[in-house]
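Engineer: Sharing a structure here in structure tokens format.
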2 protein chains.
Amino acid sequence: MNGAESIVQTLLDADVTTCFGNPGTSEMHFVAALDRIAGMRCVLGLFEGVVTGAADGYGRMADKPAATLLHCGPGLANGLANLHNARRARTPVVNIVGDQATYHRELDPPLTADTEGWARGVSAWTRTAASAATVGLDTATAVQAARSSPGRIATLIAPADTCWDEGGVVAKPLPVPPPPTIAPHRIAEIARLLRGGEPVLLLLGGTALRSAALEDAYRIAEATGARLMAQQFNGRVERGQGRLPIRRLSYGVAPSLAELAEFRHIVLIGATPPVAPFAYPGKPGHLAAPGTSIHVFARPEENMPDALARLADELSAPKLAVPRAPQGAGPGRGNVTQEAVTQTLAALLPDNAVVVDESVSFGRLFFNGLAGAAPHDWLQITGGAIGSGLPMATGAALGAPGRRVVSLQADGSAMYTVQALWTQAREQLPITTVILSNRKYAILLGELDNVGANAGKVALDMLTLDNPAIGWVGIASNLGVEAARAEDMETFADLFTAANRRPGPFVIELTI
Amino acid sequence: MNGAESIVQTLLDADVTTCFGNPGTSEMHFVAALDRIAGMRCVLGLFEGVVTGAADGYGRMADKPAATLLHCGPGLANGLANLHNARRARTPVVNIVGDQATYHRELDPPLTADTEGWARGVSAWTRTAASAATVGLDTATAVQAARSSPGRIATLIAPADTCWDEGGVVAKPLPVPPPPTIAPHRIAEIARLLRGGEPVLLLLGGTALRSAALEDAYRIAEATGARLMAQQFNGRVERGQGRLPIRRLSYGVAPSLAELAEFRHIVLIGATPPVAPFAYPGKPGHLAAPGTSIHVFARPEENMPDALARLADELSAPKLAVPRAPQGAGPGRGNVTQEAVTQTLAALLPDNAVVVDESVSFGRLFFNGLAGAAPHDWLQITGGAIGSGLPMATGAALGAPGRRVVSLQADGSAMYTVQALWTQAREQLPITTVILSNRKYAILLGELDNVGANAGKVALDMLTLDNPAIGWVGIASNLGVEAARAEDMETFADLFTAANRRPGPFVIELTI
């Protein structure tokens, strides 16, 4: 058995069964091993940003890591932006990065680069394998690191000879410790705070946003008068009818300041302290009101469902049905507006869908507006590195088999990793993509104002994408995905319904 | 004047007049400054790999740096692969990377990443600006570093407040030392070697591949019996009728070993020692024959044209006209073959074209086969990070105004940075792109054999791009570039001739 075979078998033994890849010369033995060892689903992406973004989407839905297969430092570099998003989402990912043979690296051939250095910025665990005999154990250690709560990125750099040399040893899966539980005194402390009568916000993130944990959070809130809110950027939220219609902290400094102004205490439950995504001249960076106390109840890696259940019991909070979110008024009609698109999505979302949200500026109403839609999971861009949506939808479809993925996608961001559509076609994945085509970087037009920059013609030209206009129907169909355009709400509703009934992918270009 | 304005004016004063960018929030003041300070040509790319690859192409042709404008760590990360190629080509590039405000970074908002760490792997010079008062001087220092021979990558990270704060100070251009000249004793040593009668190869790279230097190299070779060859990967070679038809070291271990076997000495003139691009089991990494002595005559940063002229004079080598390359037999006919395409390109290449070569496996004959074509410059992928061709062509067109760019492009690599076509359309750049569509990663099929990996169906599936087929005509036209398909040589010749007469871009999908 060579080293590559030991990697593949070790991954499979640790229940890593899907590999997104774009291999090169140094990965050929890994690729060849896939024919000798059955069980790994290998999915080709035509750019590494697709590969890593798909691993992010897969990990969010499967609650276990996919592997990526990347080629040398530059292949890893192409995938860094979506690994950055995955790191912010706390998604488990195991990167296998092929590289120059151990003894060849010092000759500095063209593709030699600082692979380890680039990996460290996104990886909780990074190692360069030393030999075929040990690369199996390295792989098991990488999976262990990736699966450690709350989900981490582990990068194993495998020089070509550690893959092709004989003497590979399959390593048994290493134990993954469960998420740490909260100490009793912390339960008691937060219970005391909640009984104190001061205005408290419970700010939720991570696994606190799964439906059972949300039900306990709701019991706590109802029993104490505390308020609940999800943090701004979340890897996954369980949403829709029958689940708590929790709101999310708004984007933008002014609205989030207003939302947080009333609280004397903010209790973090898998959330990070609320801060502005960027600094703006003369505006605060911390979004909590001055004098607000921030309490860490559960860190992202801790067992939040358990902590919330115990806190609810400590407070003797009665079991309650979560409130029903208001039903929408049915599909929007006429012109394409934010409100009308929100209504249509809320009315027509398939049952048990996975929504992937990189709608950026146009989609600000979507999250709250779909609270009354059919039950669904909501995955959003978490690290601000655009180009996450199409790949994430691709991976989510494989991480949540049998569910329709609805990919709500801004056009400027879609262009970053448009190659993902080809993988959706190749794998015939059940994904409905809605390209929100406004032919501009709309968010930046607002940001020009926010930072107090006075823009003229040259500046505005740098933010507009209408010269030439991008033909999304043509791009999608030439990458193998059927597509159609909608310019009014009736056409959009018809296309959306028909698309969601298909077995494979479909792209709707929605002119906004 | 704010910091951003001081950056823009300092760049202009240092003759950096073109900026390729994809800005975000932290770059809005730079963008706004472009309207208040005239003279910067700002070119939008819809992905950062386009931005940095265009800067590479520009720098190779203009012999001076363009600036890039990138958004935070992830924006830089998206551009790293083509910066890696630029570093290998020794192209001057000045990266301006906006980032979190100095005082906001510690709050770790979503887009915060290890910007400096990622920059260092490709940059000879990296600095994070500390204030608006000093960012102008930082900019001048970056340009100085980028322009230092032979051309380097300089990365200035500009936190948002260093751009928006008032108090910016324009810095005067800093002196750029000329390329170091070779000491007389080194001229004498190599002259002695060349007179010694043993078999010597002069292996050329960098500025030794410009036409005047090549003429002196030819004088030396004719006077001494030494042989001349270009190294495998070169940023720019001046080629075609009237120039020396220098050959390039072949790709692949076996042919390059054969080409180098006869030499007792290899003299490096701006070249690096010949090594295999990857290790292969049982094959040597060094390509020079055992016992061959490697002599460094001129390092890449030294003044090679001067060194070659002085060496020729030292050897009393007479002035000579360079030999004429054989004229081709005219355009190829019938089926599309490597030989026929080479003939057509040789016969129909526009005068004074810039050829950008990312043809990978199909184009192995192109370089030598076009030696007799109309005079042209030859730019190739230098770092092995695919996705360099379409962006490089985009930048080369702006770095060499008035010249037609012919972009010879493998399909798999083209998909990496396909967004470049949109910029070509937007700027109406004079570029003829030939997509060599073989619907596979053909080079890897060979590499499977080279590394001794036995591939089965799963492995081969990972290297084929025909499910679904990619419609290049449709993709190009939906990105605003006119396009047509050729499946025989007559159609290709007609399209190539017509395309080259247009003012703007055109894409030919050539089925191979």
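Engineer: Using the count of nearby Cβ atoms within 10 Å as a rough guide to exposure, how do A:Met489, B:Met415 rank from fewest to most?
Structural biologist: Details: A:Met489 20, B:Met415 24.
The most exposed by this proxy come first: A:Met489, B:Met415.
Engineer: Okay, moving on. Assuming a ≥ b ≥ c are the square roots of the Cα gyration tensor eigenvalues, decide whether the range A:338-511 counts as rounded (a/c under 1.5), prolate (otherwise, with a/b larger than b/c) or oblate.
Structural biologist: Prolate is the answer for the range A:338-511, as a/c is 1.5 or above and a/b outweighs b/c.
Engineer: Explain nothing, just the number: relative contact order of chain A, from Cα pairs under 8 Å at least 6 residues apart, as a whole percent.
Structural biologist: Dividing the mean separation by the residue count of chain A yields 15 percent.
Engineer: Note the distances from B:Arg247 to each other copy's matching label point, with points 7 Å along the Cα-to-beta-carbon direction, in nm, sorted shortest first.
Structural biologist: 7.5
Engineer: If R₀ is 25 angstrom, what is the calculated FRET efficiency for the pair B:Asp63 and B:Arg247, using the beta carbon separation as r and rounding to 0.05?
Structural biologist: Values: r = 25 Å, r/R0 = 0.98.
Efficiency, from the Cβ-Cβ distance: 0.50.
Engineer: Oh, and also: Counting only other residues whose beta carbon sits under 13 Å from that of A:Leu46, what net charge do I get with K and R as +1, D and E as -1?
Structural biologist: Charge balance near A:Leu46 sits at -1.
Engineer: Determine, for A:His185, A:His71, A:His84, the number of other Cβ atoms within 10 Å of each Cβ, and report the residues in order from fewest to most.
Structural biologist: Least crowded to most crowded, the residues run A:His185, A:His71, A:His84.
Engineer: Tally the DSSP beta bridges in the protein assembly as shown and give the antiparallel ones as a percent, rounded to 5.
Structural biologist: Values: 12 of 144 bridges.
If I count the DSSP bridges inside the protein assembly as shown, around 10 percent turn out antiparallel.
Engineer: Which far-off residues, 5 or more places away or on another chain, put their amide H under 5 Å from the one on B:Gln380, with H placed in the peptide plane?
Structural biologist: For B:Gln380, the qualifying residues are B:Asn234, B:Asp357.
Engineer: Can you compute 3J(HN,Hα) from phi for each residue in the range A:420-425, using the Karplus curve 6.51 cos²θ - 1.76 cosθ + 1.60 with θ = phi - 60°, rounded to whole Hz and x for Gly and Pro?
Structural biologist: 4, 4, 4, 5, 4, 5
Engineer: Relative contact order (percent) for the range A:184-314, with alpha-carbon contacts under 8 angstrom and 6 or more residues of separation?
Structural biologist: 33
Engineer: Across the protein assembly as shown, how many lysine pairs, 8 or more positions apart or on different chains, have C-alpha atoms separated by under 19 Å? Please give the number. Mind dumping the intermediate values first?
Structural biologist: Values: A:Lys64/A:Lys172; A:Lys440/A:Lys457; B:Lys64/B:Lys172; B:Lys440/B:Lys457.
Taking the Cα cut-off of 19 Å, the pair count is 4.
Engineer: Still on this structure: Please get the size of the charge dipole for the range B:146-221, origin at its Cα centre, with Cβ charges of +1 on Lys and Arg and -1 on Asp and Glu, quoted in debye to the nearest 20.
Structural biologist: 440
Engineer: Collect residues whose amide H, placed 1.01 Å from N in the peptide plane, falls under 5 Å from the amide H of A:Thr155; neighbours closer than 5 in sequence don't count.
Structural biologist: A:Asn95, A:Trp125, A:Thr126, A:Arg127
Engineer: In whole Hz and in residue order, list the ³J(HN,Hα) couplings for the range A:304-316 that follow from phi through the Karplus curve 6.51 cos²θ - 1.76 cosθ + 1.60, θ = phi - 60°; x for Gly and Pro.
Structural biologist: Those phi angles translate into 6, x, 5, 4, 5, 4, 5, 5, 4, 5, 4, 8, 6 Hz.
Engineer: Residue separation times 0.36 nm, minus the C-alpha to C-alpha distance between A:Thr17 and A:Ala329: what's the value?
Structural biologist: Numbers: separation 312, 0.36 × 312 = 112.32 nm, distance 4.27 nm.
Gain on extension, A:Thr17 to A:Ala329, equals 108.1 nm.
Engineer: What nm distances, shortest first, do you get from the label point of B:Arg264 to those in the other copies when the point sits 7 angstrom along Cα to Cβ?
Structural biologist: Taking the point 7 Å beyond Cα along Cα→Cβ, the inter-copy spacings are 9.4 nm.
Engineer: Let's see if you can work this out: charge +1 on each Lys and Arg Cβ, -1 on each Asp and Glu Cβ, no other charges. What is the dipole magnitude of the protein assembly as shown about its Cα centre, in debye to the nearest 20? Please list the in-between numbers first.
Structural biologist: On the way: 82 positive and 94 negative charges, 35 e Å.
So the magnitude is around 180 debye.
Engineer: 7 Å along Cα→Cβ for the label point: how many nanometres lie between A:Asp461 and each equivalent label in the other copies, listed shortest first?
Structural biologist: Once sorted, the set of distances for A:Asp461 reads 4.8 nm.
Engineer: While we're on this one: Over the range A:338-511, what is the percentage of antiparallel beta bridges among all DSSP beta bridges, to the nearest 5?
Structural biologist: The answer is about 5 percent antiparallel.
Engineer: Exposure proxy check: B:Thr115, B:Thr162, A:Thr25 ranked by fewest other beta carbons within 10 Å?
Structural biologist: Neighbour counts put them in this order, fewest first: A:Thr25, B:Thr115, B:Thr162.
Engineer: Among A:Gly332, A:Asn303, A:Gly197, whose Cα projects farthest towards the positive end of the dipole of the range A:189-348, with charges put on the beta-carbon of Lys, Arg (+1) and Asp, Glu (-1)?
Structural biologist: Of the options given, the answer is A:Gly332.
Engineer: Which whole-number percent gives the relative contact order of the range B:3-164, counting Cα pairs below 8 Å spaced six or more residues apart?
Structural biologist: Details: 370 pairs, mean separation 44.5, N = 162.
So the answer I get is 27 percent.
Engineer: From the P(r) of the range B:3-164, could you give the percentage of C-alpha pairs in the tail past 27 Å?
Structural biologist: Tail of the P(r) past 27 Å holds 11 percent of the pairs.
Engineer: Rounded, prolate or oblate: which fits chain B when a ≥ b ≥ c are the square roots of the eigenvalues of the alpha-carbon gyration tensor, with rounded for a/c under 1.5 and prolate only if a/b beats b/c?
Structural biologist: oblate
Engineer: Give, to the nearest whole percent, the P(r) tail of the protein assembly as shown beyond 44 angstrom, counting all Cα pairs. Mind dumping the intermediate values first?
Structural biologist: Values: 176721 of 523776 pairs.
Value for the protein assembly as shown: 34 percent of Cα pairs lie more than 44 Å apart.
Engineer: Right, another one. What does the charge count near B:Arg60 come to, summing +1 for each Lys or Arg and -1 for each Asp or Glu among other residues with Cβ under 11 Å from its Cβ?
Structural biologist: Around B:Arg60, the surrounding residues sum to 0.
Engineer: Would you mind calculating the gained length between A:Thr497 and A:Ala258 on full extension (0.36 nm times residue separation, minus the Cα-Cα distance), in nm to one decimal?
Structural biologist: Difference between extended and current length: 82.3 nm.
Engineer: Which part of the range B:468-506 falls in the paramagnetic zone of A:Ala469, meaning amide N under 14 Å from the point 7 Å along Cα-to-beta-carbon?
Structural biologist: B:478-480
Engineer: May I ask for the net charge around A:Ser477, where only other residues with Cβ less than 12 Å from the Cβ of A:Ser477 are counted and Lys, Arg are +1 while Asp, Glu are -1?
Structural biologist: -1
FYI, it's all coordinate maths here, none of it is from the lab. What you see is a predicted model; the values in this text were computed from it and never measured. Backbone-built Cβ (ideal geometry, glycine too); neighbour counts: all protein chains shown.
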